[in-house]
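Reading through the structure tokens given below for one structure.
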Amino acid sequence: MDRDDVGLESDGSTTVAVESTPPLVDSVPRTGRCGRPPGINPERRELLAAFAEQGLTLGEMAAVLGVSRQCIHAQLKKCSGLQQTRKSKLTARRDRNRSRRSHERALRDLKDRGEWQLVHFLQEAETHGWVINLEPDSRVRINGVPLAFHRPRRLHGNRRRTHGTRYYHLQITRPEWFHVVCLPDGRYTFYLPDPQRHCGTYYIRSTAESQPWPSWPNEMDLQRLRTRPRVEKRSKVQTHRHAA
């Protein structure tokens, strides 16, 4: 028995050893849970929601907040729906970046090949609100429709006649495409996509006025053009006289 746990009592003649009573311990159970709380700070939640709408990666979020990627991942788990929102926005952001890089590369290829007239037309088309789809080693698309860019150089017609009409001509083999004719003097002639247009040779007078930029047909107009009945050209019937 330790000396600290023993007390001495004396009645004058006899000394008796008495054990000291230990102090009482509070036996009330502890309330609450150990570890981090299950919720998340409302301010931090709003900040993570804004980051998720921007499509930021875990590394970009962690760099802004000064924490680790694992911490951001754990906090996003506590916010219902933010994980799916961030993934969808991040996928859309990567698609936009990939499309932008492809556009810049295709535009650089056109400039390297000397297609300055086509590049100038595409720049003007963007100012008119048309959507330009450029992919390397593929045909240019305007509002999702393939573009056929014509640059006739040679004039046809009779030069000797004073009042003779001279003209340029082009071949249209795919009427469902968007055809643009760029004349040497910089004028444009437009043939909007029309599946019912007849294939063949089209003539443009050299003295024709420049056409204004047309309004792009909406989906309803394009559907109406597709379903319009096509008028077939009737060939002349040739009759032959036989000798009696």
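The values are calculated or read from the model by the stated rules, or taken from the named source; none is laboratory data. Here the structure is a predicted model, which is why all the values come from computation and not from measurement. Cβ coordinates were reconstructed from backbone atoms using ideal geometry, including for glycine residues, and neighbour counts include every protein chain displayed. The accessibility values were calculated without ligands, DNA or RNA, using every heavy atom of the protein model including side chains. Shrake-Rupley method; radii C 1.70, N 1.55, O 1.52, S 1.80 Å.
Numbers at a glance
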| read-out | value |
| --- | --- |
| Count - residues of segment 99-110 that are without any contact (Cβ under 8 Å) to a residue 24 or more places away in the chain and open to solvent by 80 Å² or more (accessible area, probe 1.4 Å) | 4 |
| Segment 42-59, subset closer than 30 Å to PRO136 by Cβ and surrounded by 15 or more Cβ atoms within 10 Å (Cβ to Cβ), residue farthest from the chain's Cα centre (by Cα) | THR57 |
| Count of residues meeting criterion [modelled with pLDDT under 90 and over 20 Å from TRP116 (Cβ atoms)] in segment 144-153 | 1 |
| Complete set of residues in segment 66-98 that are open to solvent by 60 Å² or more (accessible area, probe 1.4 Å) and either over 25 Å from the mean Cα position of the chain (by Cα) or of a type in the set (Ser, Thr, Tyr) (or both) | GLY66, ARG69, GLN70, HIS73, LYS77, LYS78, SER80, SER88, THR91 |
| Failed item, numbered, when GLY200 is tested on (1) under 17 Å from PRO146 (Cβ atoms); (2) open to solvent by less than 50 Å² (accessible area, probe 1.4 Å); (3) modelled with pLDDT of 85 or more | (1) |
| Of all residues making up segment 28-67, the number that are at pLDDT 85 or above and either farther than 15 Å from CYS79 by Cα or not charged (D, E, K, R) (or both) | 20 |
| Residue list for segment 81-96, filter: of a type in the set (Gly, Ala, Ser) and either in contact with a strand residue (DSSP E or B) (Cβ under 8 Å, 6 or more places away or on another chain) or in a helix (DSSP H, G or I) (or both) | SER88, ALA92 |
| Residue pairs meeting the criteria (Cβ under 6 Å; at least 6 apart or on separate chains; first within 14 Å of LEU192 (Cβ to Cβ), in segment 137-157; second open to solvent by less than 40 Å² (accessible area, probe 1.4 Å)) | ILE142/TRP130; ILE142/PHE178; ASN143/TRP130; VAL145/PHE178; VAL145/PRO193; LEU147/VAL140; LEU147/PHE178; ALA148/HIS179 |
| Qualifying residues in segment 123-159 (those that are in contact with a Lys or Arg (Cβ under 6 Å, 6 or more places away or on another chain) and in a strand (DSSP E or B)) - the one farthest from TYR188 (Cα to Cα) | ASN133 |
